[in-house]
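Computed from the coordinates by the stated procedures, all read-outs in this text should not be read as laboratory data. Note that the coordinates shown come from a computational prediction; the quantities given were computed from them, not determined experimentally. Backbone-built Cβ (ideal geometry, glycine too); neighbour counts: all protein chains shown.
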Amino acid sequence: MKVTKEIRVDHLARIEGKAGIEVDVGDDGVEAKLNVTEGARFFEVITRNKHYNEAVAIFPRICSFCCTPHKLTPIEAVERALDIQPSEQTRKLRDLLYLGNVVESHALHLYLLVVPDYLGYPDAFAVAQKDGGLVKDGLFLKDVGAEIQTAIGSRSIHPESAIVGGFGTLPSRRTLEKIAAMAEEGIQKAVRAVDFFAEYEYPQYVDIKRQHLSIKPYDVYGVYGNTMVSNNGDQFPVEDYRQHLAEEVAPYSYAKRGLFNDQPYMVGALSRVVNNDHLLTGTAQDLMERYHQFVTPDNPFANNFAQAVEMVFFLERIRELIQEIGEPVQEKPAQPSRASGEGYAVTEAPRGLLIYYMNIEDHVVTDVDVITPTAMFLPMMEKDIAAMAEGLWRDGMQDGDTIAKKVEMVARAYDPCISCSVHVTRL
Amino acid sequence: MVALGNPLVGEDAVGAHVYDSLRDGAEARVVFLGTDVFRLSNVYRGEERLVVVDAVYAPDLEPGRVVHFQGAEVFERLRDVAVDAHLLGVGEGLKILRLTMPRFPSDVHFVGVSVKTFGHGQMSPEVAQGAEKAVALIQRLLGE
């Protein structure tokens, strides 16, 4: 292809991790690549030949922000492998811990990373200077999530209280009541976020018919299930994931890239809402009725709106769960029924499906497969980035910087988490 | 004192190392926040003095060099945009928190240890020495 215009974003700002974007506009169309330049992580190898308890302590280090999903999902895989049946209290506390992570992640993404795009500011600091209330709302909601993870998981990053079979330590009723009060206070702030995102129209260039994959929740809208569903009507148990989901590699990226039915697909808040909106209740259901036109399955910018709706629902759900848990009772962790077995688990991390497969022999992990949501949606994201660039180019936009800003917004709408591993301050 | 960093990523472990050295016996509350400066708002309990310690990167600083900024310098010298970083930079994060937290410490210090590598592996001897210097400096600051 003869390239007419090259657009390069060496460092994609305001996402989790390090990646760049390359867009080539040529006579045959537009090609887009997301270059993930962070190195391979090797967690699937590091955890082999380790006792399952040790492996479960290592997996959360994959990501400091998604540490809770990377704790609770492998725990579930171990429990399925060894036929461990945790108590109802444990299941509810895990649900609460997980929802805390989702609320924190969504708040961070929407208020600190995305809102500057919508308001035309360079960063969250500029937003805070102009509209401190908006950023305060975001930091409060982020705090709600962090408090939950600290109270239930023992600390806000890399929670250790959640263990195979149960919990090491439990929160007091007083702590849970404090969290419930914070969640209550957060609901109206989250509603304001939904109202905020409902003020913006989505760019039409990225209206592309797409597949959405999510879990089919056990009962209420949430993060746990063992079956995956798509907006095409497909449905399969997590044990069959290899028959439906493929991962490929690209020479320009360290990240794997997912395909579903041999096609790109989307996962995340929008996919969950598209596939499971009938399970939304309370204020979130009311908001969905009021703003149903903003849940457009074919446009990735609707993911931001869906995250805001989820914050409302999950805050109400957190309040309910705390009521259902009552006074936590110290329990002995449930024990394995066998020493060896295969376990499959799928949950909904903030950014979408998270799959863990583990083979355990005599309590030792011998094989692991982890598929993360960002790996799943990368090809679809590239397709949307190319569509955005092509649309702007066709409409006469020739300024590379402007096109670059728009394609960055597309990437950020997906809320990608490239690796969450490195942190340094630059002088 | 608030320590930042990732103990599993090369020399970005320096903040965690300082935290481990000071967590017991320091004359102040010592907290490790991983890679998220925004969690300061969760752990802040109205203290007057805040000392933040983290790895820093600057091409012209030799590895292990300790830098100390105080007051307005903290907000002027730390670049707003983090490079190779998770989330937002510490400078940007502290500025946002100063604008949005109901109370913010009046006496803010930043102690940085210059690092060069963020891959896998251990801290270099130079950075490990820098961490010890940072511990000594922070002990003085916390004891004043």
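Rounded to the nearest 20, the Cβ-based charge dipole of the range A:348-406 about its Cα centre (Lys and Arg +1, Asp and Glu -1) stands at 380 debye. With the simple spin-label model, which puts each label point 7 Å out from Cα in the Cβ direction, the residue B:70 to residue A:192 separation comes to 3.8 nm. The angle between the Cα long axis of helix A:302-325 and the longest principal axis of the Cα atoms of chain A comes to about 10 degrees, rounded to the nearest 10. Within a straight-line Cα-Cα reach of under 19 Å, residue A:2 can be paired with the following lysines, leaving aside sequence neighbours fewer than 8 residues apart in one chain: A:33. Using θ = phi - 60° and the Karplus relation 6.51 cos²θ - 1.76 cosθ + 1.60, list the HN-Hα couplings for the range A:267-281 in order, rounded to whole Hz, with x at every Gly or Pro. So the Karplus estimates, Gly and Pro as x, are 10, x, 4, 4, 4, 4, 5, 4, 7, 10, 4, 5, 8, 6, 10 Hz. Using the alpha-carbon atoms, what tilt in degrees (0 to 90, nearest 10) does helix A:373-394 show relative to the longest principal axis of chain A? Between helix and principal axis, roughly 20 degrees.
By the compact-protein rule of thumb, 2.2 N^0.38 Å, the alpha-carbon radius of gyration of the range B:2-143 corresponds to a ratio of 0.96. Here residue B:133 is the anchor, and the lysines within straight C-alpha reach of less than 30 Å, apart from those fewer than 8 places off in the same chain, are B:95, B:116. Annotation: average projected area of the protein assembly as shown is 25.1 square nanometres, based on the convex hull of Cα atoms across all directions.
Ranked by Cβ crowding within 10 angstrom, fewest neighbours first, how are B:101, A:288, A:380, A:358 ordered?
Working: B:101 14, A:288 21, A:380 24, A:358 28.
Starting with the residue having the fewest Cβ neighbours, the order is B:101, A:288, A:380, A:358.
In chain A, taking the dipole from charged Cβ atoms about the Cα centre, the farthest positive-side position among A:349, A:378, A:205 is held by A:349. Other residues within the sphere of radius under 10 Å centred on the Cβ of residue A:369, judged by their own Cβ, net out at -2 (K and R +1, D and E -1). Here the spin labels are modelled as points 7 Å beyond Cα on the Cα-Cβ line, and at residue B:77 and residue A:296 they lie 4.9 nm apart. Cβ-Cβ distance of residue A:173 and residue A:338, R₀ of 56 Å, FRET efficiency by 1/(1 + (r/R0)^6): the value works out to about 0.95.
May I ask you to list the chymotrypsin sites (Phe, Trp or Tyr not before Pro) in the range A:145-249 that are in a DSSP loop and have at most 16 other Cβ atoms within 10 Å of their Cβ? Could the numbers behind the result be given before it?
Values: sites: A:167, A:196, A:197, A:200, A:205, A:218, A:221, A:224, A:241; in loops: A:200, A:218, A:221.
Taking the range A:145-249 and a limit of 16 other Cβ atoms within 10 Å, the loop chymotrypsin sites (Phe, Trp or Tyr not before Pro) found are A:200, A:218.
How large is log10 I(q)/I(0) at q = 0.27 Å⁻¹ when the Debye formula is applied to the Cα atoms of the range A:211-257, each weighted equally and without solvent? For the range A:211-257 at q = 0.27 Å⁻¹, log10 I(q)/I(0) is -0.98.
Enumerate the aspartates and glutamates that residue A:383 could reach by cross-link, defined here as Cα to Cα under 14 Å, with residues fewer than 8 away along the same chain left out. List returned: A:22, A:24, A:31, A:207, A:298, A:408. Once the Cα atoms are used to define both axes, helix A:69-81 deviates from the longest principal axis of chain A by about 50 degrees.
Determine the shape class of the range A:219-375: with a ≥ b ≥ c the square roots of the Cα gyration tensor eigenvalues, call it rounded for a/c under 1.5, and otherwise prolate if a/b is greater than b/c, oblate otherwise. Oblate is the answer for the range A:219-375, as a/c is 1.5 or above yet b/c matches or exceeds a/b.
Taking every residue in A:135-142 and counting other chain Cβ atoms within 10 Å of its Cβ, the average works out to 4.
For the residue pairs A:189/A:256; A:189/A:406; A:216/A:332; A:209/A:256, alpha carbon separations beyond 25 Å are given by A:189/A:256; A:189/A:406; A:216/A:332. Any chance you could check the Cα centroid distance between the range A:277-293 and the range B:94-110 for me, in angstrom? Centre-to-centre distance over Cα atoms comes out at 38 Å.
Dipole magnitude for chain B: computed about the Cα centre from +1 point charges on Lys and Arg Cβ and -1 point charges on Asp and Glu Cβ, it is near 340 debye. Inter-label distance, residue A:121 to residue A:361: 5.7 nm, where each label sits 7 Å from its Cα along the C-beta direction.
Tell me the mean residue ellipticity at 222 nm calculated for chain B from its helices only (DSSP H runs of n ≥ 4, each -39500 (n - 2.57), averaged over every residue, nearest 500). Let's see the in-between values first.
Details: 5 runs with 49 residues, N = 144.
Estimated from H runs of four or more residues: -10000 deg cm²/dmol.
Near residue A:49, once Lys and Arg are set to +1 and Asp and Glu to -1 for all other residues with Cβ below 15 Å from its Cβ, the sum equals -3.
Using DSSP, restrict attention to beta bridges with both residues in chain A and report what percent are antiparallel, rounded to the nearest 5. Walk me through the numbers before you get to the answer.
Details: 47 of 50 bridges.
So the antiparallel bridges in chain A amount to around 95 percent.
Loop-located trypsin sites (Lys or Arg not before Pro) in the range A:127-210 (DSSP state other than H, G, I, E, B) with a sparse environment of at most 12 neighbouring Cβ atoms within 10 Å: A:209.
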